[in-house]
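The values are calculated or read from the model by the stated rules, or taken from the named source; none is laboratory data. Every value quoted in this text rests on a predicted model; they were computed, and no experiment measured them. Cβ coordinates were reconstructed from backbone atoms using ideal geometry, including for glycine residues, and neighbour counts include every protein chain displayed. All accessible areas refer to the heavy atoms of the entire protein, side chains included, with ligands and DNA or RNA removed. Shrake-Rupley method; radii C 1.70, N 1.55, O 1.52, S 1.80 Å.
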Amino acid sequence: MLTTEENELVTRTGPGTPMGEVMRRYWMPAALSSELPEPDCPPVRVKLLGENLVAFRDTSGKIGLVNEFCAHRRASLFLGRNEEGGLRCVYHGWKYDVRGNCLDTPTEPAESSLKDKIHLKAYLTLEMGGLIWAYMGPQEKTPPAPKFEFTQVAESHRYMTKTWEECNWLQGLEGAIDSQHASFLHRALTSDKTRSRFGQSASGYRARSLTPSHEVEATNYGLLFASVRPLGEEGDYVRVYHFVMPFYSLRAAQMGIGGEVKRPLVAGHMWVPMDNENCMVYDWIYSFGETPVDAKWRDEFEWGSGRGPEDRTADFRKTRNKTNNWMIDRKAQKTLGYSGIEGINTQDHAIQESMGPIVDRSHEHLGASDKAIIATRRMLLEAARSIGQGADPPGSGPEYYNLRAIDKVLPAGAHWQQELESEIYGAPKYA
Amino acid sequence: MLTTEENELVTRTGPGTPMGEVMRRYWMPAALSSELPEPDCPPVRVKLLGENLVAFRDTSGKIGLVNEFCAHRRASLFLGRNEEGGLRCVYHGWKYDVRGNCLDTPTEPAESSLKDKIHLKAYLTLEMGGLIWAYMGPQEKTPPAPKFEFTQVAESHRYMTKTWEECNWLQGLEGAIDSQHASFLHRALTSDKTRSRFGQSASGYRARSLTPSHEVEATNYGLLFASVRPLGEEGDYVRVYHFVMPFYSLRAAQMGIGGEVKRPLVAGHMWVPMDNENCMVYDWIYSFGETPVDAKWRDEFEWGSGRGPEDRTADFRKTRNKTNNWMIDRKAQKTLGYSGIEGINTQDHAIQESMGPIVDRSHEHLGASDKAIIATRRMLLEAARSIGQGADPPGSGPEYYNLRAIDKVLPAGAHWQQELESEIYGAPKYA
Amino acid sequence: MLTTEENELVTRTGPGTPMGEVMRRYWMPAALSSELPEPDCPPVRVKLLGENLVAFRDTSGKIGLVNEFCAHRRASLFLGRNEEGGLRCVYHGWKYDVRGNCLDTPTEPAESSLKDKIHLKAYLTLEMGGLIWAYMGPQEKTPPAPKFEFTQVAESHRYMTKTWEECNWLQGLEGAIDSQHASFLHRALTSDKTRSRFGQSASGYRARSLTPSHEVEATNYGLLFASVRPLGEEGDYVRVYHFVMPFYSLRAAQMGIGGEVKRPLVAGHMWVPMDNENCMVYDWIYSFGETPVDAKWRDEFEWGSGRGPEDRTADFRKTRNKTNNWMIDRKAQKTLGYSGIEGINTQDHAIQESMGPIVDRSHEHLGASDKAIIATRRMLLEAARSIGQGADPPGSGPEYYNLRAIDKVLPAGAHWQQELESEIYGAPKYA
């Protein structure tokens, strides 16, 4: 549990909040690249850390991420015209470039120099790994580009999506850090693979050992944690995760959802605060081997999320959502999957949204199995408390970009940290 | 009228409020029995006096009514699995029995004794008369089971429904106590019986005498009140109602909606606060004679409510509601019924919801005809003011369970209290 | 820009606010006459300056505008029966005349004089020009009836509509005062007249000169402003507007939307505050010549608004609204009209609603082209500041009822005030 004050401190990320200052020291995803598919395409609204922004791709392909409201009379630039090197407000034609400089104020007299004094708040952006990234912190603290393996592999080797989750970002992150819930929330009750949207196959290593041991290590980038499941003579099934500050989860996925297939796959998530009661979840898989992410893996990933094309709305909200109780099917809950809700990710969203917009952690009762969650909160709180004293938050350097999440069967009782070290830090470093 | 402070005091029922403490000293309906039709059926959400709860029927048929949120990480137990003697959270499998004891924490190490320290807030329940009842007050003050006649007659002799009303509970209760509105709000403008959903027949005793005298008596359980309508040579039509603390209305219904048919029927209502701006109305009829409540009476009751199966949503909200102006039909208002709204109960909800979520009683102007309302408020306020000094609220003993509501034509000028006493207290007492 | 305090002062109009007191010193439209089409027709809800009212037309045709809630128990009189000289509450039959006098309390004893003490708040009304007007200020300050030319021409010469706009009234008014936005927001990108719902034809005088000069003059009724567009040898195209306190815009429309047709037309608007975050916009055109407003002009006006019968809901809300991004068509924005939104008026509503419910004017950056807006705000603020000292707000006398809005091509460099004076004040004065 947290005190009410700690809960407030760790969950709020708006301008001026300590946790908001921490978040503003990292590159954060603002949109999918595919939301701005070509030069001069329509702008999109972006809500990030409580700020209303609009993103656009200009004529030369550069990305702008600026205050949603025109500096003149505060009309929304979402309605704007994206043309000839800038975004133009449709009210009076004021035009801005990707840096927020005002290029034109056509209603002003020809001799006017007003535009030279007008600057729209604009954030640094870069495009990498299928994402548009933003940096909202002080310029002198700008971190190097987020060259994680998932942003650097070829496009063919990555599949990236996003979904709106209607609760505070930390509820989402805590779901990823807590690897044990998978044995419950995501459990399949049938071996019928055609119903796999309701749960993970019961035949995998994870299902075979319901009470894994959990080990957590604080690192310079966040936390390294592992679940170790004894499989008897076969050895120990070790699954390594990374929590990377401030909201990343990297998750070993070589075993597949069913636990049967070997493939060079890592899955990742980011829970990016839109405001205090909403976050945008970026979900991806990537292949670190030769095999690209093919349609089969992609479909499994999407269906595992409970989503076909019909299941996500134009603004990335879920069709299965709080207002319809995530379409829980009580009969399926008895026979097909533990939760009765379709889709692994939808199950996570359902349980996290069911707690309310911001869960009251002062009423929790944590156990031995919550070590990773406790450690994560401690690190987040420490970052929030020390940022005001000039401390840099952990993991804001490039030294963790070679992280990889690994799962493997090791000899029983093996020292997994030693055995796996070269693989855990095995991703290439990109210059 | 009330002062603003009195209005606040008498309407608010959340935890820690004086009126909330009064309410918590009675058995209150939490759900229909039919919402939990069998052992291990899906749990249901219950909102009661501002508290978020979940109700379930366990494997042995016992009813649990517990905090909606798991003690572990606060996931909603509405999503839970109801199985093998308890309700299990789908997040990590923690399991609770109907008393809120934690039976299992499967993610914890085998030797863990954590579960022994975990208790979920749980309320006493009992099942009686087609309802699941809850007691939310101090244990030593638990009243005897609510053995009113309507809970004790055979199932064949009772019909029970519920409907969500979108305003404070007291607006609903005051509608029932105020017997005069029936001559206006519920008046039929046509004798065409096929249009009876729009109003009570104009041929009944009530319609024949628009200005009855009203008499109110404070009792040990609440109020006894009567309307006396002189019918000339035929005598006086006397209709006795009970207001039973804290939110019951018992209403004589022998004359039927049209006033023509004699039958051994009583109608009752409870306005149970969900929160300050919503209440759940339980409506029932029962027969205290040999004749069961047959389909005809049931239909008349349902259609009188303006409801067929199509008129109530899955969460007991009304299809005819505030957002659509209760589907008022202005042409029907000229020709068929006084309000132009279909259904006696819907008419009541419409007028009560039209006042706003919590009516501002400091702007009222009450008249001689509002005696019963004034007396009811006085009793409620007195209970709210004295509960903090250790006083027991009125009617929290079993001595009123033999109440019956009666209507009868008596000789003109008869002393109705004497004439009807044996019938008013005529219901059998159940051990 | 305004300070936060000034913005608050000028936008808030509820009871007791300074700007609200200013507004209450003018006749204001409460409803279209056609909303109350005949004696004893159904009452309608009216939200005006934050007050909940109900309007009705009694048996003799007189208009009442009274508090929405019955003085007895506060049931909504919107549900009331409008019959035999008054509006009757359907709860207990209390009845009110158009002055708010209580005519009947039928549930009270026959000898009761209660009704003589009951008065419902009622406002002065009059009916003129297709509108029901209300006066909500002190009786001794009642201004003469609003005999503007548009209220006095024959019904055949006027077309009047209204639309709900979901933002503060001042955002709407400022759009009208700012004549330059027309060259941007309303610009057509095609000369295809069949697509004119997307923008004004590019062939008009306004389009030919994108940077008109703007002149503003404070007057006794508000502001007179003009845009002067040099057309070269042809002369200057001068377009005169009036801002009439507190929320009128009169706009020259002789040139038509396309700028080609000459016709004796003036267009007008009022932005009438419903509450701080909503206003009702009354839009009209009228002919001051012999030609009536025929179907062609009417259609052009309605289609120009982006509205056919399908585009406005029963409560005058827009089908194209904030929740659906005003159905912006990004392809049309590239090819048909500057905004990609159908309908001139809908374009205005879109841009004004896009600013949020009450725009934060402390973040604006105004330029030379915002003279008229600055002058308007100054006048409004001055009125709000001085009303508490007993000053009468400007334009509350009848001397401005002969105003007309004119557009004309004058010889290049002509002194438009002199040339147009007789036409600007050219409307007849009505006794």
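From the residues in region C:291-315 that are in a loop (DSSP other than H, G, I, E, B) and small (Gly, Ala, Ser), which one is modelled with the lowest pLDDT?
Looking at residues that are in a loop (DSSP other than H, G, I, E, B) and small (Gly, Ala, Ser), I get C:Gly308.
State all residues of region B:99-110 that are more than 20 Å from A:Gln333 (Cβ to Cβ) and either more than 7 Å from chain A (Cβ to nearest Cβ) or modelled with pLDDT under 95 (or both); if no residue qualifies, say none.
B:Arg99, B:Gly100, B:Asn101, B:Cys102, B:Glu108, B:Pro109, B:Ala110
Just to be sure I understand, how many residues within region A:312-341 are touching a helix residue (DSSP H, G or I) at 6+ places or on another chain (Cβ under 7 Å) and open to solvent by 50 Å² or more (accessible area, probe 1.4 Å)?
1
Say we look at region B:356-402 and pick out the residues that are within 30 Å of B:Thr319 (Cβ to Cβ) and either at pLDDT below 95 or open to solvent by less than 20 Å² (accessible area, probe 1.4 Å) (or both); which of these is nearest to the other protein chains (Cβ to nearest Cβ)?
Pass one, region B:356-402, residues within 30 Å of B:Thr319 (Cβ to Cβ): B:356-361, B:373.
Of the ones still in play, those that are also either at pLDDT below 95 or open to solvent by less than 20 Å² (accessible area, probe 1.4 Å) (or both) are B:356, B:359, B:361, B:373.
On the way: B:Gly356: 8, B:Val359: 5, B:Arg361: 8, B:Ile373: 8 Å.
Looking at residues that are within 30 Å of B:Thr319 (Cβ to Cβ) and either at pLDDT below 95 or open to solvent by less than 20 Å² (accessible area, probe 1.4 Å) (or both), I get B:Val359.
Checking the condition under 28 Å from A:Ser396 (Cα atoms), away from chain C (no Cβ under 14 Å) and of a type in the set (Lys, Arg), which residue from A:Arg45, A:Arg24 passes?
A:Arg24
Exactly one of these conditions fails for A:Ile328: (1) facing chain B (nearest Cβ under 8 Å); (2) farther than 17 Å from A:Asn276 by Cβ; (3) β-branched (Val, Ile, Thr); (4) under 20 Å from the mean Cα position of the chain (by Cα). Give me its number.
The one condition A:Ile328 does not meet is (4).
Is there a residue in region C:16-23 that is open to solvent by 30 Å² or more (accessible area, probe 1.4 Å) and under 27 Å from B:Lys322 (Cα atoms)?
no
Is it the case, given these coordinates, that C:Ala188 is within 27 Å of C:Thr291 (Cβ to Cβ), crowded, with 22+ Cβ neighbours inside 10 Å and in contact with a His (Cβ under 8 Å, 6 or more places away or on another chain)?
It is false that C:Ala188 is within 27 Å of C:Thr291 (Cβ to Cβ), crowded, with 22+ Cβ neighbours inside 10 Å and in contact with a His (Cβ under 8 Å, 6 or more places away or on another chain).
How about region A:48-58: which of its residues are over 19 Å from C:Lys322 (Cα atoms) and within 13 Å of another protein chain (Cβ to nearest Cβ)?
Across region A:48-58, the qualifying residue is only A:Phe56.
State yes or no: is A:His349 modelled with pLDDT of 95 or more and within 9 Å of chain B (Cβ to nearest Cβ)?
The answer is no for A:His349.
Cβ contacts < 6 Å: first residue more than 12 Å from C:Leu120 (Cβ to Cβ), restricted to region C:42-56; second residue surrounded by 24 or more Cβ atoms within 10 Å (Cβ to Cβ) and among the polar types (S, T, N, Q), any location; separation 6+ or different chain. Result?
Here the result reads C:Pro43/C:Asn82; C:Leu49/C:Thr13, each pair linking region C:42-56 to a residue that is surrounded by 24 or more Cβ atoms within 10 Å (Cβ to Cβ) and among the polar types (S, T, N, Q).
Given the criterion buried (at least 24 other Cβ atoms within 10 Å of the Cβ), closer than 24 Å to B:Gly337 by Cα and modelled with pLDDT of 95 or more, identify the matching residue among C:Leu53, C:Leu49, C:Leu77, C:Leu65.
Every option except C:Leu77 fails the conditions.
Consider only pairs whose beta carbons are under 7 Å apart and that are at least six residues apart or on different chains; among these, list those whose first residue lies in region C:301-325 and is within 14 Å of chain A (Cβ to nearest Cβ) and whose second residue is at pLDDT below 85.
The qualifying pairs are C:Arg320/C:Gly306; C:Arg320/C:Asp311.
How do the pairs read when you match residues in region B:118-129 that are open to solvent by 80 Å² or more (accessible area, probe 1.4 Å) with residues anywhere that are in a strand (DSSP E or B) and of a type in the set (Val, Ile, Thr), using Cβ under 9 Å and keeping only pairs 6 or more apart or on different chains?
B:Lys121/B:Val66
Taking region A:264-275 as the region of interest, how many residues are buried (at least 22 other Cβ atoms within 10 Å of the Cβ) and assigned to a loop (DSSP other than H, G, I, E, B)?
Residues flagged as buried (at least 22 other Cβ atoms within 10 Å of the Cβ) and assigned to a loop (DSSP other than H, G, I, E, B) within region A:264-275 amount to 0.
Inspect all residues belonging to region C:90-110 and state whether any of them is surrounded by 23 or more Cβ atoms within 10 Å (Cβ to Cβ) and part of a helix (DSSP H, G or I).
Within region C:90-110, not a single residue is surrounded by 23 or more Cβ atoms within 10 Å (Cβ to Cβ) and part of a helix (DSSP H, G or I).
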